[in-house]
Each structure stands twice: as structure tokens, then as C-alpha cells.
Amino acid sequence: MKNNWIDSYCLTKKGSQKNFKEEWEATLYTVCGKMFAMHGKDSNGKPIITLKLEPGYGAQLRMEYKDITPGYYMNKLHWNSVSLDGDVPEAMLKEMIDESYDILLHSLPKKLQKELGGPNKKNASGPSIPKRFCLRPLAAPLLN
């Protein structure tokens, strides 16, 4: 599977950012510091992308495609790795990236979800969210 489109596709997601995590030798795609995709290599050096999916959907895809496996070095219930040298169709991989992004959006505060256009919508490229929206408030100190 040709995968040179993955980087630009992940970056079309509204608010997405990319950074390289040297110790993992992988590129992470995040929104407000939360990861929705990781593009790297498995223990054999083969290219993979790891995505978060609803557990039932991920299990179904793993049964359908031999090149989709439980997430490499991730929670095996929620994360799934796709061998990019395999036979998973590009359209299916895009659908998986979209699903992973939507799951991440559901985990964000409602204000951010609204800013990003909400889950389950095609999120065309747009301006990144201002950093001030991505900061989490500090927990209030306990008073005795």
C-alpha cells in the first residue's frame, strides 16, 4: 500500500498537529496533546499506523483483514495497528483515521468539540485551535 498520503490526510483534521517522538521513532498526530494516530514501525521495521477504534469495530476489522492487528505497544482493546505494506484498502484506512479522530473529539470538552466542528463530520483543514483552549485548568487545592 502506498502511504505517502497519510501525513497530509491526518493534518487535514481540524486542530491536528504532528510531532516526532524520537524514543518511539514514530510520528504522532494529536489534537490538544491527545493522540489519534501514530505512524511508525513495528518490531520488524515494517511501516504501521496505529489508530484508536471502538472495541467492537476494531475486533471486526481484525477478523476481516489480516493486516490489522491489536495496537503495537498500545492498549490492545482500543488501539489497532495497520500494516502499511499490507492489503487494507486506502478507503478503509481513511475511514479508520476518521473514526480515531472522532473518538478523540468526543473526549474533548464540549467547547473544543464545537470549535472543531463536532464529531462525525468531515473536518476540512482549517486554522489550528488557539493554544489557550488546549490548556487544562489546574485542580483546585484541597482545603481543610
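The values are calculated or read from the model by the stated rules, or taken from the named source; none is laboratory data. On a predicted model such as this, the values are computed, not experimentally measured, just so you know. Cβ atoms come from the backbone with ideal geometry, glycine included; neighbour counts cover every protein chain shown. To get the accessible areas, we keep the full protein, side chains included, count just its heavy atoms, and leave off ligands, DNA and RNA. Shrake-Rupley method; radii C 1.70, N 1.55, O 1.52, S 1.80 Å.
Per-residue answers, yes or no, for (1) in a loop (DSSP other than H, G, I, E, B); (2) of a type in the set (D, E, K, R); (3) open to solvent by 80 Å² or more (accessible area, probe 1.4 Å):
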position	(1), (2), (3)
Lys14	yes, yes, no
Phe20	no, no, yes
Thr27	no, no, no
Thr30	no, no, no
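Out of region 32-64, which residues are open to solvent by 50 Å² or more (accessible area, probe 1.4 Å) and out of contact with any helix residue (DSSP H, G or I) (no Cβ under 6 Å at 6 or more places or on another chain)?
We begin by selecting, within region 32-64, every residue open to solvent by 50 Å² or more (accessible area, probe 1.4 Å); these are 33-34, 41, 43-44, 46, 52, 54, 56-57, 60, 62-64.
Once the filter is applied, which keeps residues that are open to solvent by 50 Å² or more (accessible area, probe 1.4 Å) and out of contact with any helix residue (DSSP H, G or I) (no Cβ under 6 Å at 6 or more places or on another chain), region 32-64 yields Gly33, Lys41, Ser43, Asn44, Lys46, Glu54, Gly56, Tyr57, Gln60, Arg62, Met63, Glu64.
Any idea which of (1) at pLDDT below 80; (2) under 16 Å from Pro55 (Cα atoms); (3) not acidic (Asp, Glu) is the one Leu104 doesn't satisfy?
Condition (1) is where Leu104 drops out.
Quick check on my filter: what residues within region 87-97 are touching a residue at least 12 places away in the same chain (Cβ under 8 Å) and under 14 Å from Thr50 (Cα atoms)?
Within region 87-97, Val88, Met92, Leu93, Lys94, Met96, Ile97 qualify.
Kindly provide the set of residues from region 78-108 that are surrounded by fewer than 16 Cβ atoms within 10 Å (Cβ to Cβ) and under 15 Å from the mean Cα position of the chain (by Cα), ordered by number.
Within region 78-108, Met92, Lys94, Glu95, His106, Ser107 meet the criteria.
Output the residues belonging to region 38-72 that are touching a Ser or Thr at 6+ places or on another chain (Cβ under 9 Å), without any contact (Cβ under 8 Å) to a residue 24 or more places away in the chain and outside any strand (DSSP E or B).
Those that are touching a Ser or Thr at 6+ places or on another chain (Cβ under 9 Å), without any contact (Cβ under 8 Å) to a residue 24 or more places away in the chain and outside any strand (DSSP E or B): Arg62, Lys66, Asp67, Gly71.
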